[in-house]
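So the structure is just underneath, and the comments pick up after that.
The values are calculated or read from the model by the stated rules, or taken from the named source; none is laboratory data. Keep in mind the model is a prediction, meaning the values are calculated, not measured. Cβ: placed from backbone, ideal geometry, glycine included. Neighbour counts: every protein chain shown.
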Amino acid sequence: MRTRNSGLSIIIVSVCAAIFLVMSIIGGIHDLTARTAPVETAVDGEVIEYDAFYALEVWVISHKLFGLIPTHQEHFYLTVSEDGANEYVVLASEKWFEDNFGSDGLARGDDVHITALLRRTAPKNGLNTREINGWLSESGVSINEYLYADFGYKTAGIFKITAGVLIIVIAALVITLVRLHALQMLNSKVGTALTSGLIVSFLALAVILVWFI
């Protein structure tokens, strides 16, 4: 009975790992190869480009591991082009905002060129674009409630592909270590080196997963 349960657990873990592997690599490739489309007709999954002369932080999401341990924050900024034609909420770093915009929200020098990937807001836990639109309406600004623009989409794509590669590496290391265990070579220099590699790979994958939680 215990052996059957162990076998079922291995199958479930393997299927989950395979699904995560496929989704990570496909998602990463999509982010890195997304095509640029005109702002007026761009949809979810396409890259837009425009120049912003004003930006304002409108939302912050604080992520916590298991709901307890703070990991990182995501900052969302309203960005507006000088002619008012392009008004988007952009996911970007605090440093990006501080480097490009003053305390009054105006661009430092020339307008800031933005290249970002449109993503749907629905899967983004904690981003309430409807509420943002509610208080922005007083100033005559209206954002798309279903889309936000991800400024760091290329970094996200690289992380996704890296996570997929790490899954493959971990699987290969586990299979090799199981064989070494069967040959009673787990405590050899090779076994020790592979065990260390497995631990490092797990830690690297954990860091990436925490970043996306």
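Note on segment 167-204: residues that are at pLDDT 90 or above and either within 16 Å of the chain's Cα centre (by Cα) or on the phi > 0 side of the Ramachandran plot (or both) total 1. When ILE48, ILE69 are checked against the criterion of being surrounded by 13 or more Cβ atoms within 10 Å (Cβ to Cβ) and of a type in the set (A, V, I, L, M, F, W, C), a single residue qualifies: ILE48.
Selection of segment 133-147 for residues being of a type in the set (S, T, N, Q) and within 12 Å of VAL80 (Cα to Cα) yields only SER142.
Restricting attention to segment 104-135 and to residues that are modelled with pLDDT of 90 or more and surrounded by fewer than 12 Cβ atoms within 10 Å (Cβ to Cβ), the residue that is nearest to TYR148 (Cα to Cα) turns out to be HIS113.
Among the residues making up segment 151-180, a single one is crowded, with 19+ Cβ neighbours inside 10 Å and of a type in the set (D, E, K, R): LYS160. Of note, GLU138 does not satisfy the criterion of being in contact with a Ser or Thr (Cβ under 6 Å, 6 or more places away or on another chain) and not assigned by TED's automatic domain parsing to the domain that holds LEU21.
Note on segment 46-120: enclosed strands (runs of 3 or more DSSP E) holding 1 or more residues that are touching a helix residue (DSSP H, G or I) at 6+ places or on another chain (Cβ under 8 Å) and of a type in the set (Ser, Thr, Tyr) are 69-80.
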